[in-house]
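Just so it is clear, none of the values below were taken in a lab; they were calculated from the coordinates. Keep in mind it's a predicted model, so treat the numbers as computed, not measured. Note: ideal-geometry Cβ built from the backbone for every residue, glycine included; neighbour counts use all protein chains shown.
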Amino acid sequence: MYKIYINETPLILISKEDLEKGIYPRENVLITPYSGKKKFLLHYIDSLEKAKRFEAVVLHHEDVDFLFIEFQSLFKIMKAAGGLVTNPQNEVLMIFRRGYWDLPKGKLDNGENYKTASVREVKEECGLKSVERGKKLVSTYHVFKNKDGQRILKKSKWYHMTSTDVELIPQEEEDIIEARWRSLKEFLTSGDKCYKNIYDVLYTFYKKT
């Protein structure tokens, strides 16, 4: 199963077998088979960009990997990596940028791999000196348009990391106005604005702890 956020609404690509198992039950969800025509995908991408009519749109096909390949072919792909960083008090490092709470991340440099980029971005965006990277938590996908109006599919790999640093220095040139250690439980119940794909990362870690 693949979950891609478009205008903060998840587009779920799923195998017909998993759909029949009821792996993704939810109210106000549009469920439809993939016809095999890319213009069909474009129709739903356009619809999700323009309106928020459903809690989710679910497209199913016998071969979900084929469906995802078809979907990816409609976009320029951007690779990114980031970290969910915890300290000895088990607080999570959060950043505030452009009106939303977020986690530190950024796109890969040329020739860079996900693991290296994730640590580099965390250090750069929050001013950390000591970072230990652990296991991968999850991959997230979301769609946006660049300044030229081209659709971008951003794939981000997220890793759990630890740090003992106390001082945090937000990277202002990346529009980060605050970096703060926060209680995960407190944040998840706070109602503070956060992107849905970031909630997915946070809940993935929360379920593991």
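Some values worked out for this structure:
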| read-out | value |
| --- | --- |
| Peptide ranges 136-142, 154-160 listed from the most packed, as the mean C-beta count within 10 angstrom indicates | 154-160, 136-142 |
| Surface/4 estimate of mean projected area, convex hull on alpha-carbon atoms of region 2-72, nm² | 4.2 |
| Contact order relative to length of region 39-143, as percent, for alpha carbon pairs under 8 angstrom and 6 or more apart | 19 |
| At 1.567 mPa s and 4 °C, Stokes diffusion of region 109-209 via Kirkwood alpha-carbon radius, µm² per second | 84 |
| The chain: calculated mean residue ellipticity at 222 nm from DSSP helix runs of at least 4, using -39500 (n - 2.57) | -8000 deg cm²/dmol |
| Degrees separating the helix 38-50 axis from the principal Cα axis of the chain, which is the longest one | 50 |
| Relative packing of peptides 38-49, 115-126 - highest average C-beta neighbours within 10 Å first | 115-126, 38-49 |
| Whole-Å distance, taken between Cα centres, linking region 1-36 and region 143-205 | 25 |
| Cα radius of gyration and Dmax for the chain (Å) | 18.0, 53 |
| Folded to 0 to 90 degrees: helix 114-126 orientation relative to the chain principal axis, Cα | 50 |
| Region 2-72 - charge dipole about Cα centre, Lys and Arg +1 at Cβ, Asp and Glu -1, debye rounded to 20 | 280 |
| Label-point gap, in nm, between Leu30 and Tyr206 - each point 7 angstrom along Cα→Cβ | 2.9 |
